[in-house]
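Worksheet for the structure shown next.
Read-outs throughout are calculated quantities, based only on the coordinates presented, and are distinct from any laboratory measurement. What you are looking at is a predicted structure, and each value in this text was computed from that prediction instead of being measured. Methodologically, a virtual Cβ is constructed for each residue, glycine included, from the backbone with ideal geometry; neighbour enumeration extends over all protein chains shown.
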Amino acid sequence: MRTTYALRFYRIYDTGKETDISRLEEALASSHAIARSTFTRVKPKSISMDDPPLLIRLPPVMVHADGDMTPLTVIARVYDIGAVSICFILEDMEAPAGALRYAALRYAGQEGFEPLFNETVARIREILSPLVEDFFIDPGFFEDYTVYIADRNDPNLDPVVILLGEDRKFSAQTREEILKNSLSYSADDLSILSWDATLLISGEPPGDIIELIEFANVQALEFRYYDRFLTRQMERMYDDIENADRKSSFRRLRQYRMIMSRLMETQAEISDIIEKVDNLIKVTEDIYYARVYAAALHVLRISQWRDGVNRKIGMIRQNYQMLSDEVNIQHSNFLEIVIILLIAFEIVIFIWQETRI
């Protein structure tokens, strides 16, 4: 028996700022093959996106493994929240049974893809830098994910071997852990999600599910990025407060106000972008797609990253309030001193006038 299989190797990067997708689409329309993401197997109102990402088709690349060179289709998606997803697609329409297992072991951990992703990141920079102000991608910070696809089930397709990328006899506990996030819509399809890979078995192209999983990974990357960003901002905040405390009273208050201004700006900016990340996509009427999307968010631990970001935003707010209270106290003390000096001055004037009489 022959089966069609495909592998999709993802790496998702952050650009550090939001992108005007409509403006970018207009600028690239005449020079690149582009399209907007659409869902094909659901009702229009079942999945909602405020601003669908822009898909850019790039030249194919060749991956080297076991002495062979294999061509890969390359696509990239640019998201308005400041993320870029790069995907390499390997597809075989006439593969022997069990070929997906062999391919999964051959490319486990995205082995051999590092230089290809770095080259593609450089290509994306060349395309977008002239069009997006201060465009930047850190090639060392990314979310990686692999999607394995087969058009039918087969005894040779051991899901645990494929998802873990190891050819061994696994324990019952390991199998249970890997297979616990399995979902099916009909008797002929199966979706098994894990923290760094998904296996999809479907007689029809599962493009919509693939995109849902990609969107969940984009959200994971964004929460990781802003968790790291807030950690650095907090470290800077504590250093600035420590430095301010060494200064004189007047200069310390001035430094506090500068710190407060930056904290307010950071809080407003991050709160706004986190809300957009949370609302990147909404799955409403389609129950199965909603289950798949919820499972993807769960296995990627989105709630933990979100809680970490919210906790750090809360700490920034607390420190802002602390500095505000300190500034208000110092301001009140200053006013009290001014009032005392004014009273003393009036007393001196009064005594001076009395002594002249």
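Tabulated data
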item: Overall form of segment 2-205 per C-alpha gyration tensor (a/c, 1.5; a/b vs b/c); result: prolate
item: Net length gained if the chain between residue 353 and residue 171 were fully extended (0.36 nm per residue, minus Cα distance); result: 55.6 nm
item: Cα-projected label distance for residue 92 with residue 73, points at 7 Å along beta-carbon direction, nm; result: 1.7
item: Which of 298, 316, 274, positive extreme of dipole for segment 216-350 (C-beta unit charges); result: 298
item: Answer label, with Rg/Rh (Cα atoms, Kirkwood Rh) calculated from the coordinates and candidates (i) 1.01; (ii) 0.99; (iii) 1.19; result: (iii)
item: The chain: angle of helix 249-278 to the longest principal axis, Cα-based, in degrees nearest 10; result: 30
item: Lysine pairs with alpha-carbon atoms under 30 Å apart, segment 2-205, spacing 8 or more or separate chains; result: 4
item: Relative contact order [Cα under 8 Å, 6+ residues apart], the chain, whole percent; result: 19
item: Contact order relative to length of segment 216-350, as percent, for alpha carbon pairs under 8 angstrom and 6 or more apart; result: 42
item: Choice from 219, 267, 255 with maximal GNM fluctuation in the chain (Cα, 10 Å cutoff); result: 255
item: Dipole in debye (nearest 20) - the chain, about Cα centre, beta carbon charges: Lys, Arg +1; Asp, Glu -1; result: 680
item: Net dipole in debye of segment 216-350 [+1 Lys, Arg Cβ; -1 Asp, Glu Cβ; about Cα centre; nearest 20]; result: 380
item: Potential extension, residue 119-residue 294 segment - 0.36 nm per residue separation minus Cα distance; result: 59.7 nm
item: Taking segment 2-205 and dividing mean pair separation by its residue count, relative contact order in percent (alpha carbons under 8 Å, at least six apart); result: 26
item: Angle between the chain longest axis and helix 207-245 axis [Cα atoms, degrees, rounded to 10]; result: 30
item: Helical mean residue ellipticity (222 nm; -39500 (n - 2.57) per DSSP H run of 4+; nearest 500) of the chain; result: -17500 deg cm²/dmol
